[in-house]
Every structure is written in structure tokens, then in C-alpha cells.
Amino acid sequence: MVAFFLKFKTMKKLLFLFITLSCYVGYSQITINPNPFNTDESITITLDLNNINSVTDCNNLNNPTKIYLHSGIGEDSDPWGFGVVGNWGQDDGVGEMTNNGNGVWSITFIPETYYSLNATQATNATKMGMVFRSADGSQELKDNGCSDFFINVGSFQVTLTNPTEGSTTVLSTNSFNIAASNTNGVANYQLYANGSLLNSNSSTSNFTYTHTGITSNQNYVLDVTQAGTTLSKTFAVIIDPNVSEEALPANLDEGINYNENDNTKAILVLDAPNKDFVYVAGSFNNWSPDTSYGMKKDPSSSKFWLELTGLTSGVDYTYQYWVVDESPIANSPVMVKTADPFSTLVLSPFDDPGIPSNSYPNMPTYPVGQEREVTVLKTGQTPYNWQVTNFTKPAKEDLVIYEVLIRDFDANRNYQDLIDRIDYFKNLNVNAIQLMPVMEYEGNESWGYNTSFHMALDKYYGTEDKLKEFIDLCHQNDIAVILDIALNHAFGRNPMVRMWMEDPDGDGWGSPSTENPYFNTVARHSYNVGEDFNHQQPRTQKYVQNVIKHWVEDFNIDGFRWDLTKGFTQNCTASDEGCTNSYQQDRVDVLKDYADYSWSLDESHYVIFEHLGSATEEQQWANYRLTDAVSKGIMMWGKMTDPYNQLTMGYASNSNINRMGSDSRGFDAPRLVGYAESHDEERLMYKNLQYGNSNASYDVQDLDTSLARMSALGAVTLTIPGPKMIWHFGDLGMQNSIFTCSNGTVNTPDGTDGDCKLDTKPQPQWTDDWLGITNRNQIYNDWARLNDLKVNEPVFEGSYTIESGNLTPRIHIWDDAIPSNQLKDVIIITNFDVVSQNINPNFPNTGTWFELMDETGSTSIEVSNTTSPITIAPGQFKIFGNASTLSTQQFTEAQAFKIYPNPAHTSFRFSQDITNVEIYDITGKLIQNYSGNFSRNNEFDITSLNSGIYIIKAQNISGGHLTTKLVKI
């Protein structure tokens with residue numbers, strides 16, 4: 001499970017800095033003296049706990065021994081913008097209040113000095129924001145509407161008496177009354193509607209105006225100026241368009257539906273239950289929609305739709321939905337402005353300014369005067385020209401997955417970096433790359449699990465075409481691409497959160513209301529982050545299917561790694577971890593349904609769950625649909641960090657690695673993606689260097705010594721049959737802690753400055769040329785050889801035993817279906833001790849045994865006693881096989897030399913043109929032989945063969961050889 005939420009739990013407060021506040025009122029529990037006050041005056045803020053409604057959820061101050069004022073100062077639009085004083089959760093005296101007794105607390109300061117204001121800020125400050133907390137931050141007090149407290153600053157104040165500031169009024173007539181007043185004498189009033197001056201009034205302290213003849217929606221700004229200081233009040237009216245009911249045209253889905261025959265048209269569809277009407281506002285109507293842009297309503301559903309006409313092909317248009325509920329439930333807004341939930345490209349006023357142009361050139365421009373995300377619509381787009389249209393995925397049993405966080409892979413932090421480094425992946429002989437989430441997330445330098453738009457690509461990493469280019473290049477090199485996807489939850493910018501939200505403080509952000517048709521109001525499991533999807537809701541299930549379809553069909557994605565699958569239940573509570581970790585039938589069923597949908601689009605699609613518990617559930621998923629013509633089965637993440645780290649540090653306790661194999665989990669097929677490292681776990685090398693075992697002559701805490709042990713790690717991880725995973729740069733001995741901060745320091749999880757787990761990491765692997773460092777290059781080359789063996793030798797899909805729980809684990813891998821003159825038995829012996837050990841290899845038979853790490857196949861030993869010990873130096877390993885293997889060059893050629901389908905029913909084909917094919921049965925008897933030149937599209941008929949396992953030997957036109965198993969069904 002990802003642990004990113006600590007960084008984002010204050011996202012609403014961070015976004016606060018960009019938005020307009022709506023409500024400033026007096027509070028009975030707070031007094032301020034003097035009032036009004038200017039920034040250069042000494043003020044006393046008094047909190048009277050006796051005047052607080054103790055039952056409100058906004059107050060959990062329970063007789064704390066200390067109370068702190070956490071406060072800021074700024075303008076009306078951003079009361080915290082000029083400065084914030086207070087260090088949340090720290091008992092450091094900053095903002096500490098005085099206990100006056102009898103539940104009364106106070107603090108005295110001069111705002112100009114307290115907030116370190118410059119002269120301009122001191123003059124322009126108009127609001128203070130504040131929250132009261134206990135010393136450790138575990139208790140806090142807000143006002144009864146659960147917003148922060150806001151206090152007027154300055155003797156000049158403006159009160160909007162009609163309508164409410166920040167409000168949206170649904171207008172049933174064509175006139176609208178506006179009234180305001182100010183303090184401190186007369187002022188100048190200027191009222192703007194949709195950017196144009198509507199009325200002005202000089203030298204008055206009271207303003208009234210009736211706007212008549214209104215025929216379109218209006219956004220108002222009332223500017224009030226006194227002695228050079230201007231205060232602004234914003235509000236809006238929206239006209240009921242009298243929704244027209246008309247049946248939704250056939251074969252349309254939610255989101256943008258482009259007209260294949262007419263690039264001047266597109267139809268937008270939005271499902272909005274419990275809403276009265278919806279406008280489409282965009283660049284095509286100058287963001288001032290009239291009633292003709294009110295969406296039609298399908299009479300048989302809750303879907304609204306509208307056909308846009310007069311569009312120009314190839315032009316980037318932007319739009320939002322203005323979604324209106326004329327009589328919302330308590331604490332919910334009348335209108336929500338939101339991007340399309342099914343957006344494939346969104347523009348963000350929060351994040352886009354920080355996106356480098358070299359990563360996303362010619363980015364569409366965010367529309368001036370708008371707020372929050374907008375959707376991009378473009379007709380007549382040129383489809384990507386895929387070079388590979390018939391990619392054959394590596395077998396699940398052979399997968400070597402390389403997990404990548406694009407942000408921390410290379411200096412530019414974009415897809416081009418991956419493209420430029422394709423040889424790094426090829427030479428390591430991995431056959432799948434798993435990208436941590438690339439869907440539109442909140443912020444830029446993120447892990448990506450705080451997703452807001454699941455069908456839109458986050459622009460920080462690059463364009464859609466650039467990602468497609470990377471996927472296409474991977475497919476050209478026989479590398480599959482897997483996306484990490486977070487569908488347990490979404491975050492506050494998500495339109496489906498915001499359209500049905502509670503927003504008591506009116507800031508435009510909130511959590512799901514009881515009307516929300518997608519999300520729970522409270523999490524139904526104990527590991528939640530963000531807002532918790534209800535996966536028993538049909539709309540949620542349809543949304544998930546649309547997300548799957550988008551990435552499979554539009555991007556040719558080969559598989560998904562589903563984040564935090566424990567959360568896909570409705571049966572538990574946030575506090576009941578026992579329930580969350582126990583068997584839940586509803587999530588078993590719904591996740592099978594999602595897998596079924598993936599396979600309906602692509603029968604060989606990879607489905608991987610990060611579940612990490614509930615063995616019975618994992619077994620049901622792993623064993624699901626294994627007997628299909630194209631064998632399925634859901635792959636499960638298998639965390640084995642702790643026991644492997646015990647080995648690499650040189651400690652025998654808790655070092656049992658048996659659960660690295662699928663058999664130990666009760667899986668009927670190799671479906672465990674086992675790993676020693678992942679993005680969510682501490683680096684093994686870091687702990688080696690901090691805590692490793694040592695003696696006088698061998699010190700694991702020495703860098704070179706510790707690096708020399710990592711090749712052995714690969715030997716006892718990558719070779720075990722079934723899919724395996726590498727976390728990026730583990731293959732170079734990455735020793736930077738997962739808690740490394742962006743400045744290179746390390747903050748531990750209990751550090752007072754945060755743990756830095758999500759921080760952008762330094763990249764010494766490139767800046768220090770780690771491939772050129774002998775000890776690091778040795779790990780890379782050894783793991784590359786191990787990957788070659790795993791991917792290309794059929795025996796590594798066979799049976800195995802693991803003898804572990806000490807510092808000399810032994811692995812035996814075999815496949816009795818392979819002829820005895822081929823590689824059918826492999827013995828791996830290792831020594832993770834700090835002294836040399838004589839290890840019993842327990843060979844299954846005497847004779848010649850080849851050292852498989854010798855790529856020439858020339859190193860061997862003669863075994864006359866199968867139990868004679870072999871001396872292994874500390875941190876080293878040996879891999880022996882009953883036969884030699886291909887050379888390095890032949891391995892490289894064989895990577896793209898495969899048969900498919902496998903299993904096969906009537907025939908099979910090769911991925912290359914060939915000149916000779918031989919089929920053997922499991923006894924080594926030649927059954928069929930084909931000689932001549934055959935194209936890769938030639939089908940070899942096997943209808944006459946009985947069901948069973950066969951060995952296929954073939955030679956391609958360049959002399960490369962292939963030996964592999966074929967399952968005839």
C-alpha cells in the first residue's frame with residue numbers, strides 16, 4: 001500500500017491560496033480588541049471556550065494544557081497569503097496563547113511585526129485566517145461551519161448585504177438586486193458584469209443597484225476603493241435554461257464524443273443525478289454561455305447532453321460544466337464548475353505553470369479569468385502511427401518487471417528520458433516496464449497516487465504522443481508496458497467528488513456528500529487516502545471500465561498494476577483493520593469483474609493486484625480462469641523486502657525466502673510478482689550500509705563490500721519461477737534511502753521535519769556514471785545474465801524448491817519434461833554470511849555441471865559425489881546447470897525469437913522467419929520435423945498431436961536458435 005497521503009492531507013489548504021473565499025462573519029467565542037484595527041496596532045485575540053458548542057464536529061479541544069494560535073494574514077481573496085505563523089504539531093512557543101483561567105485564553109501582538117509584513121503588505125492586508133490547536137496538533141478548533149476563522153483587518157471594510165459574497169443565485173426573473181456598504185467614511189463603487197463596467201457610484205458609504213434585462217449568466221465583481229485601498233466582492237447569477245428533454249442519441253458514452261464524419265461537431269455527455277440543469281461554458285462561447293448552451297436531458301436517465309457545432313478542426317477548445325442544483329442539501333453548493341470527469345487532457349491553473357516546455361511543448365493555454373481545471377477538446381486529431389500493431393506479450397511466467405517512477409528516473413523527468421535510455425532496459429534484459437501512475441494527479445512532483453482524472457495524462461511527464469512513442473518503442477524491443485493505476489480513491493479536484501460534495505466553508509473544495517453516486521462519505525476500509533470510491537455503485541463500475549478501455553485501446557497498454565485493492569470493499573470501517581485484512585466477498589467479486597472486462601478487451605492483458613494479505617482472496621484471484629484457452633490468472637504483488645534484507649545485511653534470523661514462490665501461496669500457476677524492493681519499501685543497500693553485519697576482515701557496512709553482495713540477491717530472487725520485479729536502480733545498488741530529501745539529507749519516519757518519502761530524489765546513477773563503476777556495473781551485468789536465463793530457458797518455468805531460513809539459501813529448479821540433453825536442472829547456492837562457507841549443493845545427479853553465469857558455456861565441474869561441499873566466499877553465489885546455455889549474442893537474438901500462441905490448440909507461429917523446426921515429446925523423441933524457409937506468418941499445424949507438453953527447437957534465418965516448451969491443449 002502506498003504511503004503518500006501525509007504529503008497531501010493538507011491539499012485543500014494548499015489550494016486555498018488560489019481561490020476566492022466566500023464568508024467572513026463574527027464569532028461569539030472569539031473577541032478582538034481593538035476592533036476594527038490596523039496592522040500597526042497592538043491587538044489582543046481572546047478565545048472563550050465557554051462560548052463554544054462542544055458537540056460540533058468542528059471542535060475537539062478537550063481541555064488541552066496548551067492552546068496555540070495558527071494564523072495568517074492577507075487579502076480578501078487569500079487571508080493566509082502574506083504570511084503564516086505557527087508550526088503545526090510542534091510545541092515550540094510560536095503562537096502559544098496565555099491561559100487566563102476559567103476557559104479563557106489570549107494572545108497579544110502587532111500584526112505588522114508578528115507576520116513580518118513589508119510596507120505594501122501592511123497597507124493591503126484586509127483579512128486574517130486562524131485555527132486554534134493543542135500543542136501536538138491532535139486537537140483543533142474551527143468555527144461551527146467547519147471553516148477557518150476569518151477576521152477583518154483595517155478600519156476600511158466592505159459588507160455585501162445582497163447577495164451573499166461568493167454565492168451563485170439561480171435567476172427566475174430578468175432583474176437582480178445588489179447592495180453593499182462600507183465603514184470609515186465614503187468610498188467609490190464600481191460594479192462589473194462579465195468583465196464590463198455596469199455601474200459606478202462615487203462618494204457613498206452605501207451602494208444599491210438593480211441589474212435589469214438580464215438574458216445571460218453573469219459573473220459580478222464589485223470593487224470598492226477608499227484612500228487608495230480597493231476591496232473586491234464577487235458573486236454570480238445563473239439563468240435557469242428550462243431544460244429541454246430529448247433522448248440521448250445512440251452509441252454515445254460519457255465525455256467527448258467526436259463525430260467521425262464531421263470535424264465541426266462533437267457531442268458532450270454528462271451523467272448528473274440530482275442536478276437540475278447543466279451549462280457548457282467554454283472558449284467556443286467566450287466562457288459566457290447563454291441558454292442555448294444549457295444541456296439537454298435524456299428523459300430515461302440522469303444524463304445531460306449537448307451537441308457542439310461550428311468547431312474548427314485541429315483547434316484546441318477548452319470547456320467546463322457548470323452543474324446546478326437549485327435546492328442543494330445542507331452544506332452543498334448551488335453550482336459547481338468542473339472539468340469533464342472523462343477528460344483525456346485537462347489544463348490546471350495550479351500545476352501547469354510549473355511544467356517545463358521541453359517536457360510538454362506547445363501546451364494549450366489556460367483560459368484567462370477561469371478557475372480550476374478545464375477540459376481540452378480538439379476535433380480532427382491525427383492518430384498516432386503505431387509501428388507495432390501485433391505485439392506478443394511475454395508469458396506471465398517469464399516476466400521481469402522494471403518498476404519506474406518517471407520523476408526520479410532521469411534529469412528531465414519525462415518520457416523522452418525513458419526513450420533515450422531504452423538500451424538501459426534492453427541490456428538489462430527486462431521484458432516489462434511498470435510505470436508508477438501517470439494519470440493527472442494533484443501537483444507536479446508527485447508519486448501520482450493522488451489522482452484526480454484517471455483518463456487524462458499528467459502533462460508533467462510529457463504529451464500523449466510521447467508516451468505512445470515510448471510504448472511503441474518498448475514493443476519494438478519486446479518489452480511490455482504496465483501502468484500502475486489508483487482506482488481505490490480520488491482526490492479533491494476530481495469532478496465526481498466536487499459535483500456532489502459538502503462544502504460548508506464555500507471555498508469550492510469538499511468531501512463527498514450523502515448524494516454522491518460514486519464515493520463513500522467515510523472510508524469503508526482502514527487504509528484509505530483521499531476519497532473512497534464505492535465499487536458496489538454501478539456508476540463507479542462503469543467509470544472503471546471506461547478507464548480500462550481508454551488505456552488499453554488508445555495507448556496499447558499491456559497491463560495494470562491495481563493499487564491498494566484492499567480498499568475495494570464496502571464491508572468495513574476506517575478503524576477496523578481486522579475487517580479490512582480478512583476475506584471480503586464483495587471485493588473478490590468486483591475485482592474479478594474488472595479483470596474480466598480487461599480480458600474482454602485483450603485476452604492476454606496483465607492484471608496485477610497490490611493486495612498484500614488475505615491469502616484466500618489472493619488464491620481465488622491467482623487461480624481465476626487459468627484453464628481458459630489463453631490462460632489467465634491475476635498476478636499478485638509479493639513483498640519480500642524484510643527477509644531478503646536480512647540476507648543482504650548478513651543476518652540469519654527472519655531470513656526465510658520461501659514465500660517468494662507462487663507455490664507457497666497456494667497458487668496453481670506462477671502468478672506471484674515477487675520482489676525484494678519496491679517504491680514503497682526502504683532500499684536494501686541503505687540498510688546494508690547502516691546496519692550490516694561485519695567482522696574484522698569483512699564489513700557489510702563498507703560500500704564496496706555491500707555492493708558485491710547484491711549480485712547474489714538477484715540470484716535468489718530473479719531465478720525463482722514466476723514473474724518478478726526490480727525497483728529502478730536496484731540493479732546498480734542504489735543506496736539512497738527512501739526517506740532521502742530533495743536536498744540529499746535523510747529524514748527518518750519519526751523525524752520532526754517530515755519523512756521526505758515523497759520527495760524528488762537525487763540521481764547519482766547518471767551524474768556519477770554508476771554504469772562505469774566496476775562494483776555497480778557488476779550487479780547490472782549479473783542481473784542481466786540472470787534475466788536472460790529466466791526469460792529464454794524453459795526450465796525457469798518449471799518446478800522448484802527453496803531451502804532457506806539461514807545465510808546459505810539453496811534453490812533447485814527443474815523441469816522433467818525437458819530432454820536430458822537440454823538445460824532441465826538448475827542448482828543455485830549462495831553465501832550471505834560474512835565468512836566463507838562450505839555448502840552442500842545436493843546435485844540431483846552426478847556428471848558434468850556447467851556454471852551458468854559463464855556466458856561462453858565453457859566453465860564446468862565434474863560431480864562424482866552430489867553432496868560434496870563447494871566453498872563459497874561471503875556474499876557470493878554459484879548457479880549450476882546440467883547443460884550449457886546460449887552465448888550472450890545468441891541470447892540477445894533469442895529475446896525476439898518466440899512462438900505464439902502458447903498454449904496452442906490447433907497451430908502455432910514464430911515471431912521471426914525460420915529455416916528449421918523440430919518438435920519433441922517429453923521423452924526426447926522427435927515427433928515432427930519441418931525444413932525449408934518459412935515466414936513468420938506461417939502456421940504449423942499440431943491438430944494431430946495429443947494434448948500435453950512438447951519441446952520446440954527452431955533456427956531463424958540468421959542462425960539464431962530457440963528451444964522452448966509448447967503446451968498443446
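Brief remarks follow.
- Residue check for residue 273: buried (at least 19 other Cβ atoms within 10 Å of the Cβ), touching a helix residue (DSSP H, G or I) at 6+ places or on another chain (Cβ under 9 Å), not hydrophobic (A, V, I, L, M, F, W, C) and not in a strand (DSSP E or B): no
- For the range 118-161, a tally of residues being within 36 Å of the chain's Cα centre (by Cα), closer than 23 Å to residue 234 by Cα and not in a strand (DSSP E or B) returns 5.
- Scanning the range 784-818 for residues that are closer than 22 Å to residue 642 by Cβ and among the acidic types (Asp, Glu) yields one hit, 803.
- Test result for residue 105, in contact (Cβ under 8 Å) with a residue 12 or more places away in the chain, in a loop (DSSP other than H, G, I, E, B), touching a strand residue (DSSP E or B) at 6+ places or on another chain (Cβ under 7 Å) and farther than 30 Å from residue 291 by Cα: no
- Matching option when the condition is modelled with pLDDT of 95 or more and over 27 Å from residue 633 (Cβ atoms), among 387, 434: 387
- Counting only residues that are surrounded by 16 or more Cβ atoms within 10 Å (Cβ to Cβ), among the aromatic types (Phe, Trp, Tyr) and under 20 Å from residue 138 (Cα atoms), the range 80-128 holds 1 of them.
- Qualifying positions in the range 486-505 - in a loop (DSSP other than H, G, I, E, B), crowded, with 24+ Cβ neighbours inside 10 Å and either over 18 Å from the mean Cα position of the chain (by Cα) or of a type in the set (Val, Ile, Thr) (or both): 499, 500
- The requirement of being in a strand (DSSP E or B), under 27 Å from residue 757 (Cβ atoms) and not β-branched (Val, Ile, Thr) is fulfilled nowhere in the range 370-381; no residue meets it.
- Residue within the range 935-949 that is basic (Lys, Arg), touching an Asp or Glu at 6+ places or on another chain (Cβ under 6 Å) and closer than 21 Å to residue 630 by Cβ present: yes
- Positions within the range 889-915 being more than 18 Å from residue 818 (Cα to Cα), at pLDDT 75 or above, buried (at least 16 other Cβ atoms within 10 Å of the Cβ) and not aliphatic (A, V, I, L, M), in sequence order: 901, 908, 909, 910, 911, 912
- Looking at the range 902-969, the strands (runs of 3 or more DSSP E) lying wholly inside it that each contain 3 or more residues that are farther than 25 Å from residue 632 by Cα and not acidic (Asp, Glu) sit at 914-920, 926-934, 948-956.
- Count - residues of the range 143-200 that are β-branched (Val, Ile, Thr) and touching a Leu at 6+ places or on another chain (Cβ under 9 Å): 2
- Applying a threshold of 9 Å to beta carbon distances and a minimum spacing of six or more residues, or different chains, the list of pairs starting in the range 258-269 at a residue that is free of Cβ contacts under 8 Å to residues at least 24 places away in the same chain and ending at one that is surrounded by 13 or more Cβ atoms within 10 Å (Cβ to Cβ) reads 262/379.
- Within the range 763-791, residues that are within 27 Å of residue 812 (Cα to Cα) have Cβ atoms under 7 Å from residues that are assigned to a helix (DSSP H, G or I) and among the basic types (Lys, Arg) in no pair, counting only partners at least 6 apart in sequence or on another chain.
- Sole residue being under 30 Å from residue 419 (Cβ atoms) and in a strand (DSSP E or B), chosen from 473, 483: 483
- Qualifying residue in the range 85-102 (condition: of a type in the set (Phe, Trp, Tyr), in contact (Cβ under 8 Å) with a residue 12 or more places away in the chain, farther than 29 Å from residue 230 by Cβ and part of a loop (DSSP other than H, G, I, E, B)): yes
- Strands (runs of 3 or more DSSP E) wholly inside the range 299-353 that include at least 1 residues being touching a Lys or Arg at 6+ places or on another chain (Cβ under 7 Å), within 23 Å of residue 259 (Cα to Cα) and among the charged types (D, E, K, R): 303-308
- Meets criteria (surrounded by fewer than 24 Cβ atoms within 10 Å (Cβ to Cβ), in contact with a strand residue (DSSP E or B) (Cβ under 8 Å, 6 or more places away or on another chain) and farther than 22 Å from residue 608 by Cα) for residue 701: yes
- Note on the range 506-523: residues that are farther than 22 Å from residue 544 by Cα and surrounded by fewer than 21 Cβ atoms within 10 Å (Cβ to Cβ) total 3.
- Residue pairs meeting the criteria (Cβ under 7 Å; at least 6 apart or on separate chains; first free of Cβ contacts under 8 Å to residues at least 40 places away in the same chain, in the range 319-335; second outside any strand (DSSP E or B)): 328/334
- Residues of the range 928-966 that are surrounded by fewer than 15 Cβ atoms within 10 Å (Cβ to Cβ) and among the hydrophobic types (A, V, I, L, M, F, W, C): 957 alone.
- Applying the criterion of being surrounded by fewer than 24 Cβ atoms within 10 Å (Cβ to Cβ) and of a type outside the set (Asp, Glu) to the residues of the range 812-822, the residue that is nearest to residue 695 (Cα to Cα) is 812.
- Residue match in the range 755-774 (condition: part of a helix (DSSP H, G or I) and either of a type in the set (Phe, Trp, Tyr) or touching a strand residue (DSSP E or B) at 6+ places or on another chain (Cβ under 7 Å) (or both)): yes
- Considering residues of the range 815-868 that are in a strand (DSSP E or B) and of a type in the set (Ser, Thr, Tyr) only, the residue nearest to the chain's Cα centre (by Cα): 830
- Taking the numbered list (1) within 24 Å of residue 770 (Cα to Cα); (2) without any contact (Cβ under 8 Å) to a residue 40 or more places away in the chain in turn, residue 689 passes all entries but (2).
- Residue under evaluation residue 719, criteria (1) part of a helix (DSSP H, G or I); (2) over 17 Å from residue 642 (Cβ atoms), criterion not met: (1)
- Residue-level check: of (1) over 27 Å from the mean Cα position of the chain (by Cα); (2) crowded, with 24+ Cβ neighbours inside 10 Å, residue 677 misses just (1).
Yes/no matrix, rows are residues, columns are (1) touching a strand residue (DSSP E or B) at 6+ places or on another chain (Cβ under 8 Å); (2) assigned by TED's automatic domain parsing to the domain that holds residue 511; (3) closer than 23 Å to residue 236 by Cβ:
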site: 321; (1), (2), (3): yes, no, yes
site: 327; (1), (2), (3): no, no, yes
site: 334; (1), (2), (3): yes, no, yes
site: 352; (1), (2), (3): no, no, no
site: 357; (1), (2), (3): no, no, no
site: 374; (1), (2), (3): yes, no, yes
site: 377; (1), (2), (3): yes, no, no
site: 380; (1), (2), (3): no, no, no
site: 383; (1), (2), (3): no, no, no
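- For residue 454: the one exception among (1) outside any strand (DSSP E or B); (2) at pLDDT 95 or above: (1)
The values are calculated or read from the model by the stated rules, or taken from the named source; none is laboratory data. As the structure is a computational prediction, the values presented were derived from the model and not from experiment. As a convention, Cβ positions derive from the backbone with ideal geometry for all residues, glycine included, and neighbour counts pool all protein chains shown.
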